[in-house]
Amino acid sequence: MDSTVNPTATICHDDPAIGDSERLWRLVGTVADPAVPGGMRPESGSLRDERMSVNRAKLSTLEETLSLQPDREIAEFTAASVRELGLRVYADPCYVCRRCGRHLGGEPMTCLGCNSDERIYHNRAHAIVCPAMSRSDARKFAKEKTELVEITREARESARRLQ
Ligand SMILES: [Zn+2]
């Protein structure tokens, strides 16, 4: 059976093929927080989607992930850390529009957001964390379980060129 047409594939579930130690990357906004090393942390509102898009670090590169939203930062956390909150994580390879960032489905198509058909690429690293974190869990998670990935100016520039 073709998993791309299996409706259960989009139901919130946990995929044991994603190991606890796998690192996940999430594009986030940041806020100042003097209590954390470096003084900045992800804003918790960036971590509260009902179906939170992340990239599996081992299947992506910093530039590739950042190219989706080159002005944001990247929060890194492990699959274990979201499972500890009772959340689930599953692989969801999908097509993404580099021009506007919209996540499309498992089939190549023209972007529904900006009509681009030239800037669509297949993001095999895409995964979903679900369901949404509570507000208080998200704040604690942002402070204690995430690290901001260091992004050099060169990496950011090459992400913009990919876009
Ligand atoms: Zn688009």
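The values are calculated or read from the model by the stated rules, or taken from the named source; none is laboratory data. Just so we're clear, the structure is a prediction, and the values are computed from it rather than from any experiment. Cβ placement follows ideal geometry from the backbone for every residue including glycine, while neighbour counts extend to all protein chains displayed. To get the accessible areas, we keep the full protein, side chains included, count just its heavy atoms, and leave off ligands, DNA and RNA. Shrake-Rupley method; radii C 1.70, N 1.55, O 1.52, S 1.80 Å.
Cβ-Cβ distance below 7 Å, separation of 6 or more or different chains: which pairs start in segment 123-139 with a residue that is open to solvent by less than 10 Å² (accessible area, probe 1.4 Å) and end on one that is hydroxyl-bearing (Ser, Thr, Tyr) and not in a loop (DSSP other than H, G, I, E, B)?
What qualifies is HIS126/SER53; ALA127/TYR90; ILE128/SER53; ILE128/TYR90; ALA138/SER44.
Which is among the small types (Gly, Ala, Ser) and without any contact (Cβ under 8 Å) to a residue 24 or more places away in the chain, of ALA32, ALA57, ALA17? Step through it out loud before you land on a result.
Numbers: ALA57 fails: without any contact (Cβ under 8 Å) to a residue 24 or more places away in the chain; ALA17 fails: without any contact (Cβ under 8 Å) to a residue 24 or more places away in the chain.
When all the criteria are applied, what remains is ALA32.
One line per residue, one yes/no per condition, for (1) under 14 Å from VAL28 (Cβ atoms); (2) within 16 Å of the ligand (Cβ to nearest atom); (3) open to solvent by 20 Å² or more (accessible area, probe 1.4 Å):
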site: GLU64; (1), (2), (3): no, no, yes
site: SER81; (1), (2), (3): no, no, no
site: GLU84; (1), (2), (3): no, no, yes
site: ARG98; (1), (2), (3): no, yes, yes
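Condition first: assigned to a loop (DSSP other than H, G, I, E, B), in contact with a strand residue (DSSP E or B) (Cβ under 8 Å, 6 or more places away or on another chain) and over 15 Å from VAL54 (Cβ atoms). Now tell me which residues in segment 22-38 satisfy that.
First, pick out the residues of segment 22-38 that are assigned to a loop (DSSP other than H, G, I, E, B): 22, 29, 33-38.
Subset that is in contact with a strand residue (DSSP E or B) (Cβ under 8 Å, 6 or more places away or on another chain): 22, 29, 33, 38.
GLY29, ASP33, GLY38, listed by residue number.
Within 16 Å of the ligand (Cβ to nearest atom) and either open to solvent by less than 50 Å² (accessible area, probe 1.4 Å) or closer than 18 Å to THR10 by Cβ (or both), is that true of SER60? Lay out the reasoning, then the answer.
Values: within 16 Å of the ligand (Cβ to nearest atom): no; either open to solvent by less than 50 Å² (accessible area, probe 1.4 Å) or closer than 18 Å to THR10 by Cβ (or both): yes.
The answer is no for SER60.
I need the full set of residues from segment 106-120 which are without any contact (Cβ under 8 Å) to a residue 60 or more places away in the chain, surrounded by fewer than 20 Cβ atoms within 10 Å (Cβ to Cβ) and not basic (Lys, Arg), in order please.
Here is the first cut: in segment 106-120, the ones without any contact (Cβ under 8 Å) to a residue 60 or more places away in the chain are 108-120.
Checking the rest, the ones that are also surrounded by fewer than 20 Cβ atoms within 10 Å (Cβ to Cβ) come to 108-110, 112-120.
Listed by number, the residues that qualify are PRO108, MET109, THR110, LEU112, GLY113, CYS114, ASN115, SER116, ASP117, GLU118, ILE120.
Given (1) under 19 Å from ARG56 (Cα atoms); (2) of a type in the set (S, T, N, Q); (3) more than 16 Å from the ligand (Cβ to nearest atom), where does SER136 come up short, assuming only one miss?
Going through the list (1) under 19 Å from ARG56 (Cα atoms); (2) of a type in the set (S, T, N, Q); (3) more than 16 Å from the ligand (Cβ to nearest atom), SER136 breaks only (1).
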